[in-house]
1. Kindly put TRP145, TRP213, TRP58 in sequence by how many other C-beta atoms sit within 10 Å of each C-beta, fewest to most.
2. Give me the net charge of SER147's neighbourhood, meaning all other residues with Cβ under 13 Å from the Cβ of SER147; Lys, Arg count +1, Asp, Glu -1.
3. Of the listed peptides 148-154, 203-209, what is their order by residue-averaged count of other C-beta atoms within 10 Å, with the highest listed first?
4. Under the 0.36 nm per residue contour assumption, what length would be gained going from the current alpha-carbon distance of TRP145 and ARG117 to full extension?
5. Tell me, in nm to one decimal, what length is gained between THR203 and TRP181 on full extension, where the rule is 0.36 nm per residue of separation less the Cα-Cα distance?
6. What distance in nm lies between label points placed 7 Å from Cα along the C-beta direction at PHE53 and VAL129?
7. Mind pulling up the Rg/Rh value for the stretch 44-235? Radius of gyration and Kirkwood radius, both on Cα.
8. When only Cα pairs under 8 Å and 6 or more residues apart are kept, what is the percent relative contact order across the stretch 44-235?
Amino acid sequence: MDNGSIIEHLKEICRTPEPEEKKAFFQGLEERGLTSRRPEVINYGDFLLRQFFYVGKWIWLLAAILLLCIAGICYGNTGNYPFALTSLLAVGILVETGRSFRWKMAELEYTARFSLRSVMLARMFLVGVVETAGLMVVILVVRPWFSYSLIRVFLYMMVPYLSASLSGSVYERKNRSDNGWGSIIICFLSSGFFAAVPYCLSTLYEERFTVIWTVVFILLILSLVVSVHRWICELEEPVWNL
C-alpha cells in the first residue's frame, strides 16, 4: 500500500462525525440575526483598558510594595545600595509576559480576535509604563535626601531596572518555561549585583562617571528595544497548521 492509500485510509478512519442538529443551530442564528453581526469595533484605548484589568492584580500590588520599600529605605539610609531594589520591579513585567505560555493560552490567543503579539505588547506596555511612572515619582520624592543631582538619582535607579528587564527578556525569549522562576532569579541576581557595587566599586557613583552611567542607560534602552522586537517577531511564528 502506497502513502496516498494510507493517507486516504486514515482520513476514512478518523473522519469527524457530522454534528447533530447543525441545520437547526444555524437556522436559530439566522432567526436571531446573529449570522450577519460583526464583532464590536474596539479602539486602541479600549483594548489597552481591557488588558489593564486582565493583568494580575498581584503585579500591581508587588510594584506598589516595592516602590514604597525603595522610598522608605532611601529615607532611612542615603547609601547607594537602595538603588539596587529597582531591579526587582522587573519581576512583574517578566512574569506577566510568560503568563500565556505557563497557562497554555498561547495557541488560543494566536487564533483569537487579537493576536498573542498584540496582547503581549499591550501588557508589556501597560506594566512598563505604570512601573516607570511610579519609579519617577519615587525619584522625585527621594531626591532631596541625597546629595546627588536629579539626573544622577534617575540614572542610578533606572540602570538596575533596565538591566534586569533586558536580561529577563532575553531569558523569556529563549526559554518559554511553565514557570517564572528563571526571571525571578535573574531579577534577584541583578539586584544583588547592584547592591554589591557600592561596596566594591564605590567610585562609580562619583560625579565624574555620570557620562558612563548615561551611556549605559542609552545602550540598555536600545538593547531592550531590539530584544523586545526580536521577541515579538518570534511570536508571529504559526502555531496551528490549518
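1. Details: TRP145 14, TRP213 18, TRP58 11.
Least crowded to most crowded, the residues run TRP58, TRP145, TRP213.
2. Details: positive: ARG143, ARG152; negative: GLU206, GLU207.
Around SER147, the surrounding residues sum to 0.
3. Top of the packing list down: 148-154, 203-209.
4. Working: separation 28, 0.36 × 28 = 10.08 nm, distance 4.21 nm.
Gain on stretching TRP145 to ARG117: 5.9 nm.
5. Numbers: separation 22, 0.36 × 22 = 7.92 nm, distance 3.34 nm.
My answer for the length gained is 4.6 nm.
6. In this crude label model, PHE53 to VAL129 measures out at 1.7 nm.
7. Numbers: Rg = 17.2 Å, Rh = 17.3 Å.
Looking at the stretch 44-235, the ratio lands at 0.99.
8. Details: 193 pairs, mean separation 60.5, N = 192.
It comes to 32 percent, rounded to a whole number.
Where a number appears in this text, it was derived from the coordinates with a stated rule and is not lab data. Just so we're clear, the structure is a prediction, and the values are computed from it rather than from any experiment. No Cβ is skipped: glycine too gets one built from the backbone with ideal geometry, and neighbour counts run over all protein chains shown.
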